[in-house]
Amino acid sequence: MTGMNSDMEHHNVVIIGGGNAGLSVAGRLRRYGADDIVVIEPRNTHYYQPMFSHVAGGTAPSRIATRPQASVIPRGVRWIRATVHTIDPDAKTVTLTNGSQISYGQLVVGAGIQMDWSAVPGLADAMETPAGISNYELAYAQKASKTLRDIRSGTVVFTQPAGPATCSGAAQKPMYLACDDWRATGVLDDITVILVVPTRTLFGMPLIDKELERKVTEYGIEVHYGSELVEVDAGSQTIAIAATPVQPGSDLAEQSDPLAPRTHLHYDVLHAVPPQSAPDWLAATTLADPASPGGFVEVDAATLRHPRYPDVWALGDAAATTNSKSGGALRQQTFVLAKNLVAALKGKSLPKAYNGYSVCPFTVSRSTVVLSEFDDRYRPKPSIPFWKGLAREHRFTWVADRYVLPWVYWNLILRGRA
């Protein structure tokens with residue numbers, strides 16, 4: 001750290017991001033004995049994003065998805081309300097947009113993911129019209145609740161992005177909630193529901209696909225497989241979709257043809273989820289994984305430690321882990337990272353390894369959920385191994401998703417206790 005300003009603010013542990021990843025790992029680090037921890041987060045409001053789907057689908061009020069950021073900072077952790085400009089891992093400094101710098105002993109990157117609304121031509125403009133909705137931003141989710149409730153006929157299109165995304169299956173959740181409501185109010189037969197997914201199946205696990213396909217048939221949903229949204233014309237309320245390009249190294253060579261012609265669809269309502277990537281400032285640092293798309297932080301998939309900078313760690317959506325990105329993956333990631341970081345501070349070997357666990361609860365009706373728990377190869381990874389039917393449509397998992405998990409999140413997870 002040659003040339004470091006002696007007056008520069010320094011902390012033992014600096015955590016970038018005050019969302020689920022940053023706060024839950026901060027809480028665990030405090031419980032495990034680490035001290036002098038700061039969290040850098042610019043937002044004054046904390047969001048529980050899994051609730052956005054319920055807000056959009058009309059099964060929860062938006063107020064239960066937010067709390068003041070100051071109220072959820074773990075005890076013994078300091079909050080720096082600021083925006084990060086860049087990281088210099090060689091100098092071990094974080095530069096803020098106000099020009100000040102902070103040096104660190106250990107750095108944890110939990111900066112989340114960036115919604116690239118402008119990556120699809122016309123999408124950003126379409127989202128500002130009454131017909132554009134989404135469950136990936138709270139304001140759009142609030143608009144979705146009324147829009148989906150009030151429509152009585154026409155065409156509603158739901159799109160799911162290709163590439164890295166946070167809980168990409170969540171794009172389907174408001175669709176099932178809306179269909180169940182439309183069926184109950186007697187208008188489902190008058191509404192054409194279209195789903196655009198980038199994969200060959202609805203999810204990627206046979207048992208989950210079977211459950212979701214049954215619900216798609218039940219609701220009469222038209223699915224365009226292996227396709228993605230490529231353009232929107234908000235004026236004419238039409239979208240263009242095209243075959244999803246095959247990722248390098250994929251074994252799905254027959255999945256799509258990047259030169260295939262576009263298909264144009266009219267919509268009366270468009271529920272869209274944008275392409276996603278690491279924040280631009282993070283992707284521009286030397287921490288980014290050169291072998292992974294999206295600019296996410298390079299980490300050892302098991303230890304969550306950076307392979308080139310041993311005092312840097314990353315987790316959650318910002319990390320280039322091999323698992324499917326989801327809030328549910330963080331419970332194990334925070335435990336592993338916190339245990340390993342504390343061991344590293346003591347000069348000990350890293351004791352824990354992340355097993356790639358992730359989870360996506362599909363709200364397939366207004367009272368049932370299909371719970372998918374899986375590892376980074378989409379193999380079943382049930383949290384209750386003896387309950388073989390947990391992945392099937394169930395009322396119990398709805399209660400857990402809608403009522404139990406939000407309480408656990410606010411009261412235990414953010415404090416590093418679950």
Sorted peptide list for 310-323, 123-136, criterion being average Cβ within 10 angstrom, highest first: 310-323, 123-136
Kirkwood Rh (inverse of mean 1/r, distinct Cα pairs), segment 1-105, angstrom: 15.1 Å
Segment 301-418: C-alpha gyration tensor shape, a/c 1.5 cut-off, then a/b vs b/c: prolate
Proximal lysines to K143, defined as alpha-carbon separation beneath 17 angstrom and excluding residues fewer than eight positions away on the same chain: K173
Residues listed by number, segment 149-171, amide nitrogen under 13 Å from D190 label point at 7 Å toward C-beta: 150-155
Prolate/oblate/rounded label for segment 258-364 (Cα gyration tensor, a/c 1.5): prolate
Residues Y104, Y176, Y403, Y409, sorted so that the one with the fewest Cβ neighbours within 10 Å comes first: Y403, Y409, Y104, Y176
Radius 14 Å from Cβ of A314, net charge of other residues (Lys, Arg +1; Asp, Glu -1): -2
The chain, relative contact order [Cα under 8 Å, separation at least 6], %: 19 percent
P(r) histogram, all alpha-carbon pairs of segment 148-219 included - 10 Å bins from 0, percent: 18, 51, 27, 4
DSSP beta bridge pairing in the chain, given as percent antiparallel to the nearest 5: 50 percent
Long-range HN-HN contacts of A82 with modeled amide H, under 5 Å: E41
Prolate/oblate/rounded call for segment 349-418, Cα gyration tensor, a/c under 1.5 rounded: oblate
Alpha-carbon radius of gyration plus Dmax, which is the widest Cα pair, for segment 116-275 in Å: 15.0, 47
In degrees, nearest ten, helix 20-31 long axis to first principal axis of the chain (Cα): 40 degrees
Crossing angle, helix 138-150 versus the chain [Cα axis fit, 0-90 degrees, rounded to tens]: 20 degrees
Potential extension, S100-A418 segment - 0.36 nm per residue separation minus Cα distance: 111.0 nm
Angle in degrees between helix 173-184 and the longest Cα principal axis of the chain, rounded to the nearest 10: 30 degrees
Exposure proxy order (Cβ contacts within 10 Å, fewest to most) of T285, T45, T397: T45, T285, T397
Antiparallel content of DSSP bridges confined to segment 116-275, in %, to 5: 40 percent
Per-residue [θ]222 nm for the chain (sum of -39500 (n - 2.57) over DSSP H runs n ≥ 4, rounded to 500): -6500 deg cm²/dmol
Gain upon complete extension [D88, D375; 0.36 nm per residue less C-alpha separation]: 100.1 nm
Separation of the A353 and Y225 label points, Cα + 7 Å toward Cβ, nm: 3.5 nm
Of all DSSP beta bridges in segment 1-109, antiparallel share, percent nearest 5: 40 percent
Taking the C-alpha atoms of segment 271-324, convex hull volume expressed per residue in Å³: 83 Å³
Mean shadow area of the chain, taken as a quarter of the surface of its Cα convex hull (nm²): 20.4 nm²
Entries of K92/K339; K215/K352; K146/K381 with Cα pairs more than 31 Å apart: K215/K352; K146/K381
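Only the coordinates and a few stated rules stand behind these numbers; no lab work does. Not measured: the values here are computed from a predicted model. We place every Cβ from the backbone using ideal geometry, glycine too, and count neighbours over all the protein chains shown.
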